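Working notes for the structure below.
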Amino acid sequence: MKSLGHKLFYAILFVSVLMVNPPIVFWVNDYCTAHPLTFGWPTMYLWLEFWFLVMIANFVVAAWKLKAWNCRQDNRPIEQVARPEL
């Protein structure tokens, strides 16, 4: 069963991907035609960069916090295996 952290990771990822694809981007584009600049930056650029940064931060936090993504749990030594003759 997935932990709350996994569910939260996938929920944030799903919302972030949804926000940078149609039809949401079309709605934001309608706003951008009325307000082309926000804080001196193109509004669409800020919208997309914000959601891409949310995705990146989501992956960084998940890699740092989720136990399933922790590679230190695999402390088994590497065993050499003999290759079969062909």
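Applied to region 25-42, the Karplus parametrisation 6.51 cos²θ - 1.76 cosθ + 1.60 on θ = phi - 60° returns per-residue 3J(HN,Hα) values of 5, 5, 5, 5, 4, 4, 5, 5, 5, 7, 10, x, 10, 10, 6, x, 10, x Hz, with x for Gly and Pro. Applying both filters, DSSP loop and at most 15 other Cβ atoms within 10 Å, to the GluC sites (Glu not before Pro) of the chain gives GLU79, GLU85. Placing R0 at 35 angstrom, the Cβ-Cβ distance between LYS2 and TRP41 gives a FRET efficiency of 0.40 after rounding to 0.05. With contributions of -39500 (n - 2.57) from each DSSP H run of at least four residues, the per-residue ellipticity at 222 nm computed over the chain stands at -19500 deg cm²/dmol.
Gyration tensor over the Cα atoms of region 19-67: the corresponding equivalent ellipsoid has semi-axes (square roots of 5 times the eigenvalues, largest first) of 28, 13, 5 Å.
Subtracting the Cα-Cα distance of LYS65 and ASN21 from their residue separation scaled by 0.36 nm leaves 13.0 nm. VAL54 versus ILE78, label points 7 Å from Cα toward the beta carbon: distance in nm? Taking the two extended label points, one gets 4.0 nm. Judged by the ratio a/c of the largest to the smallest principal axis of the C-alpha gyration tensor, the chain counts as prolate, that ratio being 1.5 or greater while a/b is larger than b/c. Take every Cα pair under 8 Å whose residues are at least 6 apart in sequence, average their separation, divide by the length of the chain, and the relative contact order is 33 percent. Remark: the chain carries a charge dipole of roughly 420 debye about the Cα centre, counting +1 on each Lys and Arg Cβ and -1 on each Asp and Glu Cβ.
Throughout, read-outs are computed from the coordinates displayed, never taken from laboratory work. Since this is a predicted model, take the numbers as computed values, not measurements. Glycine also receives a Cβ, built like all others from the backbone with ideal geometry; neighbour counts cover every protein chain displayed.
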